[in-house]
Every structure is written in C-alpha cells, then in structure tokens.
Amino acid sequence: MTTETLSQAPAPTDAQATAFLRDFHEVAAIGATPNHGVDRQAATAEDRETREWFRAFAERRGWEVRVDGIGNQFALIELVPGAPYALLGSHLDSQPLGGRFDGAYGVIAGLHAADRLVARHAAGASGAPGTAQAPRLNLAVVNWFNEEGGRFAPSIMGSSVFAGLKDEAEMLAVQDLRGVSVREALDAIGYLGSDARPEIAAYAEIHIEQGRILEREGLPIGAVDASWHTQKLDIEVLGEQSHTGATLMGDRHDALLGAAKVIQRVHEVTDLFPPETLVSSVGQLTLEPNSPIVVARRVHLVADLRADDRDVVLAARDRILGDIRAIEAEHGLVIHARDFDVRENQFYPEAGLALAEAVTSELGHAARRIRTMAGHDSVAMNRIAPTVMLFIPSVDGVSHCEREFSRDEDMAVGVEVLTEVAWRLVHGALPRG
C-alpha cells in the first residue's frame, strides 16, 4: 500500500478536467446521430475510427499499443519492468442508435486517469513533495471488443475471451445478421490482432449507472458490489410458408403469430413476481421470408431474463418454456429454445469496495454500494482479478438510446475517483489471492 496520504495527492487541475471533457466530446462526434447519440457497432468503420483515436492518444505519450486475437485494444505503461498490470477501461462500441456515454466514458476516463497517474509518478520519481513508495504494478488501459453484442452475439465478448470464459475460435466464427463473421469484420477494419495479452493483477472500470438510484439519492459515485443473474433464451419458431391471401385461416401455421405470443409471455412473466424483482424482454427478431404477402415460415428471437435472485430467473425460464409448448400445440408449430449467454451473479471483492468508498470519501464525495442489473466487462474480469466497479449518475436512468446523458461535472468527479483508485492499485492495494 502506498505511504502517500490522500491529502498529499495532487488535485486535478482545471486544465486536466477540461482536457478530459474535450476528448470525451470529441469521441462522441464519431458515429454521431442526429439526436445526440452514437452508432458505433463492433468492427464497423465508426468503431475503427474510435480505435484509431485511442491508438493516437497512447502513441503521443509513448505508450505501447497492442491488439489481441479477439480485437481487444491495450495501451501499456511500464512502471515496474516485468510486473503484471493494473488495468483500467471499458468499451468504445455502441448499440445501434445508442448513447454516447455507455462504455466510451470508461475508456476515456481510464486514459486520462492513466495520464494523470504517469505525471504524478514522474513527479514522485523526481523527488517532488508528496512522493510515494515505488509502484508494484504496471498500468494499462483497455478498449474491450464487442461489449454491446448488438452486431455480434453474445455481448461482453472480448473480455470474456480474455478471461477464458469464451473460446476465441468460436467467437471469431460468430456471424452478424448479414453473415459476416467476427474474424472477417475485424480483419476488414485492420484490428484482427495477434499481440500477447498482458498479465493482469487488478482491474477497475467506471461506467454510467444506467439506472436512477444515484440521481435520486443525489450521490456522485456508486461502488458496485454484485451483478444480477442473467439468462438468455435463443428461440426459433418454425411454421409453414404460405399465401397471406389464399390460405384459409384454419390451414395456417404462422411462425410470426407464434413468435408474437412468445414475446407476450416473456413480458407477462414478470407479473408473476413482486414488482422490480425480474426484468425481461425480446430485443431482436428476424423472420423469413419477410414478405408482406407470405405467412412467415421461421422467426428467430432472443429473450433476456434478469434478476438479483438466480432462482427467480430459472422459475421464469421454466414458465416461458411451458408457455412455448402450449403455443406449439395451439398453432401447429415447432419451437426450439436453448439457454444462451448465462451469466451467474458476480460478487465484487470487499477490499475493492472498501477501497472505492475510502477514496471517494477522502476526496470529499459521497458513495453508496449498488448492484448492477446490466452486464459489464468487469463481470468477466472479476472472475480472474480483483476488480473495482464504479458508477456515476445517469440522468433519468436511461441508456442504450440517444437520450442517454450524464453531466460533465459527474463525469469529472468520476475521473478524479478513478485516478486515485488506479494510483492505489498500482501500489498494491488489492493483492491477488
């Protein structure tokens, strides 16, 4: 642990805060949409442009840049030759017509926290006031590939491969709706890498809350203590293609009608549990042949179920599977449903929570512990390294849409907290094991 007290740590200057906000809003212009959102889906031209911005930021400072075999992008800063890394970051890809804060805030915050930390370390090495003992870890910042999962499913792809939770070859073979594979898409934008992955000893990520708790309570920082259980069902509804005008109603086997009833059941299953216990949705649907005068023969959809309690998710899943059997029988359909992208509850280490709370308090801000309903790269990284996950407020709690918004002043406080967390991480605040 560092011997430097927080009161000796340099406060961020107005110039540093201004520089961060300038960079954040510059990146928000990449893939910008008319209603102030962004559209930077994984491995698109817009995603490439943000990656080039990340690369330029790092190379201007003399940091090493690596890209691994699943497209994860790292900026590496050597403080202790041969030591593993404390890693900061998030993702720069977005949902279609998504928000400019989700993910990108965490990457740009990580880059600026690293920049401030390097300057602080250099000042200490030169014997300036407020010096600290030598760091124990190196520092790195990451832009994870395909966290959003909008173009390529599953989400949290790059960090899951990094953490050994997903097979790299299988993920490279995943195709989007047009039949383009991850491998082909990364190669097309010049980011199918082969560099060695850095050894990670600690991870920290800051993100917008994507909920209303911090805003309602007037708090600038949330320390994430656990994630909700997430379960997806990959559902294929098979009927019979026929003429919408010439086929009698009693002779139809309409896959789209069956899919519509499945979607309704996915929504209604939440009513079986206390309010806000379970969330569920169907966000993607494809149908064949997708003609206005043809009864659909095939529909594919994905149901997303989430709750704090794993047993609630499993009970909802079982109820939906029972409803599916009834819909099959009613309409003469065949419906296949398989479990997909199951993510168990993750509990973040107590030492990391205590670190986040102490840093926030000592910087003169308030924090509370909070659970994340959404998935994040930190959920994967927490499986392999001590992890700190921080939230800042989201206005109205909205995300994955163009109206997503967080205030400049909240973002600036978050970078300040992340910088101090990173400083303590590189000085061994969260020993592994």
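The values are calculated or read from the model by the stated rules, or taken from the named source; none is laboratory data. Please read these numbers as outputs of a predicted model, since none were measured by experiment. Backbone-built Cβ (ideal geometry, glycine too); neighbour counts: all protein chains shown.
Below are the figures for this structure:
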| item | result |
| --- | --- |
| Residue check, Thr419 buried (at least 24 other Cβ atoms within 10 Å of the Cβ) and in contact with a strand residue (DSSP E or B) (Cβ under 9 Å, 6 or more places away or on another chain) | no |
| Residue count for the range 225-247, restricted to those that are buried (at least 21 other Cβ atoms within 10 Å of the Cβ), within 19 Å of Glu288 (Cβ to Cβ) and either touching a Cys at 6+ places or on another chain (Cβ under 9 Å) or not β-branched (Val, Ile, Thr) (or both) | 1 |
| Selection from the range 231-255 of residues that are of a type in the set (Lys, Arg) and within 30 Å of Arg306 (Cα to Cα) | Lys232 |
| Selection count where residues are out of contact with any strand residue (DSSP E or B) (no Cβ under 9 Å at 6 or more places or on another chain) and either touching a residue at least 24 places away in the same chain (Cβ under 8 Å) or not in a loop (DSSP other than H, G, I, E, B) (or both), scope the range 269-294 | 2 |
| Gly69 being surrounded by fewer than 23 Cβ atoms within 10 Å (Cβ to Cβ) and modelled with pLDDT of 95 or more | yes |
| Where Ala204 falls short, out of the listed (1) under 14 Å from the mean Cα position of the chain (by Cα); (2) without any contact (Cβ under 8 Å) to a residue 60 or more places away in the chain | (2) |
| Any hit, the range 44-62, residues being surrounded by 15 or more Cβ atoms within 10 Å (Cβ to Cβ), of a type in the set (Ser, Thr, Tyr) and outside any loop (DSSP other than H, G, I, E, B) | yes |
| Val359, sole failed condition from (1) farther than 27 Å from Ile206 by Cβ; (2) buried (at least 21 other Cβ atoms within 10 Å of the Cβ) | (1) |
| Helices (runs of 4 or more DSSP H) contained in the range 164-222 and holding at least 3 residues assigned by TED's automatic domain parsing to the domain that holds Phe391 and not aliphatic (A, V, I, L, M) | 182-188, 213-217 |
| Residue check, Thr270 over 19 Å from the mean Cα position of the chain (by Cα), outside the structural domain of Val421 (by TED's automatic domain parsing) and surrounded by fewer than 18 Cβ atoms within 10 Å (Cβ to Cβ) | no |
| Unique residue being touching a residue at least 12 places away in the same chain (Cβ under 8 Å) and charged (D, E, K, R) when the list is Glu148, Glu184 | Glu148 |
| Sole exception among (1) more than 20 Å from Lys232 (Cα to Cα); (2) in contact with a helix residue (DSSP H, G or I) (Cβ under 7 Å, 6 or more places away or on another chain); (3) of a type in the set (Gly, Ala, Ser) for Ala337, by number | (1) |
| Subset of the range 223-268 (residues that are of a type in the set (Lys, Arg) and outside any loop (DSSP other than H, G, I, E, B)) | Lys232, Lys261, Arg265 |
| In the range 85-106, the residues that are part of a loop (DSSP other than H, G, I, E, B), buried (at least 24 other Cβ atoms within 10 Å of the Cβ) and not polar (S, T, N, Q) | His91, Leu92, Asp93, Gly99, Arg100, Phe101, Asp102, Gly103 |
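Conditions tested, residue by residue: (1) buried (at least 19 other Cβ atoms within 10 Å of the Cβ); (2) on the phi > 0 side of the Ramachandran plot; (3) touching a Leu at 6+ places or on another chain (Cβ under 6 Å); (4) modelled with pLDDT under 95.
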{"residue": "Ala123", "(1), (2), (3), (4)": "no, no, no, yes"}
{"residue": "Gln133", "(1), (2), (3), (4)": "no, no, no, yes"}
{"residue": "Val142", "(1), (2), (3), (4)": "yes, no, yes, no"}
{"residue": "Gly158", "(1), (2), (3), (4)": "yes, no, no, no"}
{"residue": "Asp167", "(1), (2), (3), (4)": "no, no, no, no"}
{"residue": "Val180", "(1), (2), (3), (4)": "no, no, no, no"}
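Conditions (1) at pLDDT 95 or above; (2) within 23 Å of Ile156 (Cβ to Cβ); (3) not hydrophobic (A, V, I, L, M, F, W, C), marked per residue:
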site: Ala246; (1), (2), (3): yes, no, no
site: Lys261; (1), (2), (3): yes, no, yes
site: Phe273; (1), (2), (3): yes, no, no
site: Pro289; (1), (2), (3): yes, no, yes
site: Arg306; (1), (2), (3): yes, yes, yes
site: His331; (1), (2), (3): yes, no, yes
site: Glu350; (1), (2), (3): yes, no, yes
